[in-house]
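Data first, discussion second: the structure below is written as structure tokens.
The values are calculated or read from the model by the stated rules, or taken from the named source; none is laboratory data. All of these numbers come straight from a predicted model, not from anything done at the bench. All Cβ positions, glycine included, derive from the backbone under ideal geometry; neighbour counts span all protein chains shown. Remember, those area values only see protein heavy atoms, side chains included, never the ligands or the DNA or RNA. Shrake-Rupley method; radii C 1.70, N 1.55, O 1.52, S 1.80 Å.
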Amino acid sequence: MSGISVIGMDDGPLSVEASKSLKSAALVAGGERNLETLSVEPGRATVFKGDLSEALERIEASDGTVAVLASGDPGFFGIVRTLGERFGHENLRVFPAVSSVARAFAWDGLPWDDAVVVSAHGRDPRRAVNVCRAHPKVAVLTSPSFGPAELVDALAGLDRIFVVAERLGEPEERTYKGDAGEIAAMEWKDPNVVVVYDPARVVGEKGWISGSCESLGRWALPEEEFEHRSAMITKPEVRALVLARLGPGPGDLVWDVGAGSGSVAVECARFGAAAVAVERDAESCARIRRNAARHGAYVQVVEGEAPGALYGLPEPDAVFVGGTGESFEEVVGLAAASARRRVVLTLIGLERVIPAGEILEGCGLEVETTLVQASRVKGVGSLHRLAAETPVFVVSGRKP
């Protein structure tokens, strides 16, 4: 093998250089459809199948140059990564075509510099789904086992529009725009890409960086940034430690149980995580929605009392328990059993601190308990004093 030309394909003609590389290649590798489209002779063709190991071995054993055919832009969630890891990127020459994601957005006339692109192909799709829950505009590269129907089912209840772009660049290319019900009722062929967007926020503000990498600027926001009732809110000093323990980020889903004002859920959403706020009080639920809207955050609000309201919710990566009522032990136990990574509780009464840690340890979590005591400087005439906040225990359980 003396060099590999990686040729992206769409419905347009190949460039002159790509055509020369294809014609002179001793071996041409690619999907069966791409090989047939370019009428590659069987004697110098190898088909990508399964884990690609057979084709990669043939490429490695080739005495001459190799051409690899791929759909769209092979450097974007494509074959370039695999080839570079095995043969060295310095041995690759890439001729990209238009990516399927760019074509899907173009079909709907949408800018996509503010979109997040995720892949569910050969990966656990739950992270891709969580990004769709948390962001207003997402493109999802699907897989045969997780296509458009499975995606819309996972996002049931959200106000989203779906654009499915199927077999782009091929004669049977099809693109369709509709709501969840319409997409679920149709049959789809691979490969396809699905654009998922909130119709109310489909075009974001003009930015300077792609995707969702904009800096938060600040976090552990002051109480004044949230509407709350009778100071029933996790204080910023405590919230800072809670967020550090939860570690919310893109692809995560966080439950905020006994959410109150929803300050923790909103801040998790601002970090890019999907957030579900569970609260039994109807007025507080309305307050959470207003707080989320104020900060431009997506928070799913579930009105109901834990633990009953927790059953049927999507699997969380982390759970914050700010209020439990009489069902303390059951709520903590269910949180520990449900969370993939972390459970964090805030407690004021010392009588519950030790039992909480024991419940988490009994569920196999490594427990750390911290007492947060904060005082704020306040003026008294021309003098200043320290005004102590209520001490709060932060109990954190981490799955090893």
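Overview of results
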{"read-out": "Residue within the stretch 9-17 that is closer than 15 Å to F95 by Cα, among the charged types (D, E, K, R) and either out of contact with any Leu (no Cβ under 9 Å at 6 or more places or on another chain) or open to solvent by less than 20 Å² (accessible area, probe 1.4 Å) (or both) present", "value": "yes"}
{"read-out": "Flag for A29 being over 18 Å from G84 (Cβ atoms) and surrounded by 12 or more Cβ atoms within 10 Å (Cβ to Cβ)", "value": "no"}
{"read-out": "Close pairs from the stretch 63-83: first open to solvent by 20 Å² or more (accessible area, probe 1.4 Å), partner acidic (D, E), Cβ under 8 Å, at least 6 apart", "value": "S71/D10"}
{"read-out": "Residues located in the stretch 263-297, provided they are within 21 Å of the chain's Cα centre (by Cα) and either assigned to a loop (DSSP other than H, G, I, E, B) or without any contact (Cβ under 8 Å) to a residue 12 or more places away in the chain (or both)", "value": "F271, G272, A273, A293, H295, G296, A297"}
{"read-out": "Within the stretch 347-400, strands (runs of 3 or more DSSP E) holding 3 or more residues that are among the polar types (S, T, N, Q) and open to solvent by less than 40 Å² (accessible area, probe 1.4 Å)", "value": "none"}
{"read-out": "Complete set of residues in the stretch 224-262 that are assigned to a loop (DSSP other than H, G, I, E, B) and aliphatic (A, V, I, L, M)", "value": "A231, M232, I233, A259"}
{"read-out": "Test result for T37, open to solvent by 30 Å² or more (accessible area, probe 1.4 Å) and of a type outside the set (D, E, K, R)", "value": "yes"}
{"read-out": "Hits in the stretch 335-351 (condition: at pLDDT below 95 and either farther than 21 Å from T234 by Cα or in contact with a strand residue (DSSP E or B) (Cβ under 9 Å, 6 or more places away or on another chain) (or both))", "value": "I348, G349, L350"}
{"read-out": "Residue tally, condition crowded, with 16+ Cβ neighbours inside 10 Å and farther than 16 Å from G272 by Cα, over the stretch 197-220", "value": "1"}
{"read-out": "Scan of the stretch 113-132 for residues that are closer than 18 Å to E214 by Cα and not small (G, A, S), ordered by number", "value": "D113, D114, V116, V117, V118, V131, C132"}
{"read-out": "Complete set of residues in the stretch 179-196 that are open to solvent by 20 Å² or more (accessible area, probe 1.4 Å) and of a type in the set (A, V, I, L, M, F, W, C)", "value": "A180, A184, A185, M186, W188"}
{"read-out": "Residues of the stretch 121-137 classified as out of contact with any Phe, Trp or Tyr (no Cβ under 7 Å at 6 or more places or on another chain), modelled with pLDDT of 95 or more and under 17 Å from V193 (Cβ atoms), total", "value": "6"}
{"read-out": "Some residue of the stretch 143-152 being under 25 Å from H295 (Cβ atoms) and part of a strand (DSSP E or B)", "value": "no"}
{"read-out": "Residues of the stretch 158-175 that turn out to be among the small types (G, A, S) and at pLDDT below 90, as a count", "value": "1"}
{"read-out": "Which listed residue, of R218, R239, is out of contact with any Gly (no Cβ under 9 Å at 6 or more places or on another chain) and touching a residue at least 12 places away in the same chain (Cβ under 8 Å)", "value": "R239"}
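Residues are listed down the side, and each one gets a yes or a no for (1) of a type in the set (D, E, K, R); (2) out of contact with any Ser or Thr (no Cβ under 6 Å at 6 or more places or on another chain); (3) open to solvent by 10 Å² or more (accessible area, probe 1.4 Å):
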| site | (1), (2), (3) |
| --- | --- |
| V138 | no, yes, no |
| S145 | no, yes, yes |
| D153 | yes, yes, yes |
| V163 | no, yes, no |
| E166 | yes, yes, no |
| G169 | no, yes, yes |
| R174 | yes, yes, yes |
| K177 | yes, yes, yes |
